[in-house]
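Okay, so here's the structure we're looking at.
Throughout, read-outs are computed from the coordinates displayed, never taken from laboratory work. Please read all numbers here as calculations on a predicted model, not as lab measurements. Here the Cβ positions follow ideal geometry from the backbone for every residue, glycine too, while neighbour counts run over all protein chains shown.
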């Protein structure tokens, strides 16, 4: 008696052409994103193409938008991984309907239509509103630190950059001397290349040297901005040349060292504002490690986006990271908005004794008013929703 196995034959053909649509469950996220994009106005994307039909055929903007939105929704920002998924993943193949744009096309589309992609945000909110998801009475904002694709060990100060620059200059000179001594017989080693290309090691050294010089320029620029802000109101004095302070990352010069609950990382500070239904109505990614300067721009962005769909926030919730005299003054100037901003961090609330800094700050008029406001039972109850609204968004 033989084994009772299910039929398994990789070369068995289908009797009828298979339908890819049947391979994807009806409740799949890819279907939801596809139906959502079909309701959107994509005219801003189409403006970038010729309307007379001339030139090579381009991939349809609707397909490209669907692929990107689905990829980002499942945590796949890499254009190369998206291109691979178009071959390996049923959901991606269903969205692309048999098209296979390569990673350069995907990346190029995103870069070319970055503004149009950003402008889809209000349309998404409008669709969410029509589905009864956007209740904008109460909104909450918060930030979270995200890792950059760069090591924290790659941060260098100006002196280290200068030392590395000199070392690479010497190496470039040595390699150039070696390149000059290469005789004609070695041209065979270059295959179908011209034979006069620089050695790879020399190219790499020159690239590193260029990156170091650019890093030094950025540090000098940051230093000038800091010095300029310090000397505001001091007249048009000629600024003296000073050695730039701080460090810069050689892999990702835009990223910064960020403090998290688990230590320090090289990365960014991601900001978001969400409604009671945990629908994101504003977002940004900044390099500031502190949240305090993001309060006003994030609230304004949220109100602008909500205004696009005929909504507005009446209550704003934020933790102590956003508490400052300037932000509390801004809230006082906003009519019809109930702003609830914690004046103390959770670890400060748990302590029996407050630090001198906290005691001094708590005596300021606006801090005292906010403290009193938060102690009212109704406001204390409302503020308790902050974590439930915003923290699951990052989680």
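Here are the numbers for this structure:
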{"read-out": "Ranked by how many other beta carbons lie within 10 Å on average, peptides 273-284, 44-55, 332-343 from highest", "value": "273-284, 332-343, 44-55"}
{"read-out": "Length released on extending from residue 285 to residue 111, taking residue separation times 0.36 nm less the Cα-Cα span", "value": "60.9 nm"}
{"read-out": "Residue 227/residue 103 FRET efficiency (R0 45 Å; Cβ-Cβ; nearest 0.05)", "value": "0.60"}
{"read-out": "Segment residue 84-residue 29, extension gain: residue separation times 0.36 nm, minus the distance between their alpha carbons", "value": "17.9 nm"}
{"read-out": "Proxy reagent accessibility, fewest Cβ within 10 Å first, across 311, 118", "value": "118, 311"}
{"read-out": "Cβ-based exposure ranking for 371, 142, in which fewest neighbours within 10 Å come first", "value": "371, 142"}
{"read-out": "Sorted by Cβ neighbour density within 10 Å, fewest at the top, the residues 345, 170", "value": "170, 345"}
